[in-house]
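What follows is a set of notes on a single structure, which appears directly below.
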Amino acid sequence: MEIQERIAQKAHDLFLRYGIRSISMDEIASQLGISKKTIYQFYADKDALVDSAIDIVVSGNINECCVHKEESENPVHEILVATDMVQEMLNTMNPTIMYDLQKYHPAAYKKIADHKNEFLYKLIKENLEQGIAAQLYRPEINTEIMSRFRLAAVFMMFSPDLYPLGKYNLGAIIEEVTIHFLYGITTAKGQKLLQKYLLKRQK
């Protein structure tokens, strides 16, 4: 791996685990066994490095979503598989990262927001349309409104006003919110399928 890629990957790993503010350029250099000067040869400042780390997050998420879509049995299953993916990510992710991005790194935060409002929105809308076509979701739902609702519901778990840090388990929030969402949009046929998957998950 090229030195520039190694720097970005190490920064990505440390930011996700400990939050952005708590990780300095010195810490990244130390973890890589290189000088801070070497980092600055590739990245003008921490902002540029955060930007690069977020590129890794976005491209990784796109790849995973595409794989899960391919491997899913149906639209209900796809949402549950995507939820598992988010829960897995949350196990190694510091919940302060979204706050840090929004407050201190607006350009990188915009990349996340654009990814959410473009790629993830399209992915959810397609899921809803396919679910309606398969008679798993109610035919009268407004796919545009519900796609945006779903995105807002997932990302609101990072809001410390709603869910104070340390008081709630983020994985439990996404699980609860997802099940509530699915029960709201599924037909009797879809609910039967959902209950089958939930029973399997409990075991």
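The values are calculated or read from the model by the stated rules, or taken from the named source; none is laboratory data. Just so it is clear, the model here is predicted, and its values are computed rather than measured. Cβ coordinates were reconstructed from backbone atoms using ideal geometry, including for glycine residues, and neighbour counts include every protein chain displayed. Ligands, DNA and RNA are stripped out before the accessible areas are found, and what is left, the full protein with its side chains, is counted by its heavy atoms. Shrake-Rupley method; radii C 1.70, N 1.55, O 1.52, S 1.80 Å.
Could you state the accessible area per residue of the chain in Å², with a 1.4 Å probe and every protein chain left in place?
Value returned for the chain: 56 Å² of accessible area per residue.
Among 33, 154, 188, which residue has its Cα furthest toward the positive end of the charge dipole of the chain, with +1 on Lys/Arg Cβ and -1 on Asp/Glu Cβ?
Final value for the positive-end residue is 188.
Please sort through the DSSP H helices of the chain and keep those with an alpha-carbon extent of at least 27 Å along the long axis and a Kyte-Doolittle average not below -0.5.
Span-like helices, by this rule, are 46-71.
Using unit Cβ charges (K, R positive; D, E negative) and no other charged atoms, how large, in debye to the nearest 20, is the dipole of the chain about its Cα centre?
My answer is approximately 480 debye.
In segment 56-203, carbon and sulfur make up what percent of the accessible area (probe 1.4 Å)?
For segment 56-203, the apolar C and S fraction of the accessible surface comes to 57 percent.
Starting from the Cα-Cα distance between residue 202 and residue 110, subtract it from 0.36 nm times their residue separation and give me the gain in nm to one decimal.
29.4 nm
If you stretched the chain out fully between residue 156 and residue 134, how much longer would it get, using 0.36 nm times the residue separation minus the C-alpha to C-alpha distance?
My answer for the length gained is 5.0 nm.
Based on Cβ point charges of +1 for Lys and Arg and -1 for Asp and Glu, what charge dipole magnitude is obtained for segment 162-202 about its Cα centre, in debye rounded to the nearest 20?
So the magnitude is around 240 debye.
Below 29 Å, Cα to Cα, which lysines can residue 103 reach? Residues fewer than 8 away in the same chain don't count.
10, 36, 37, 46, 111, 116, 122, 167
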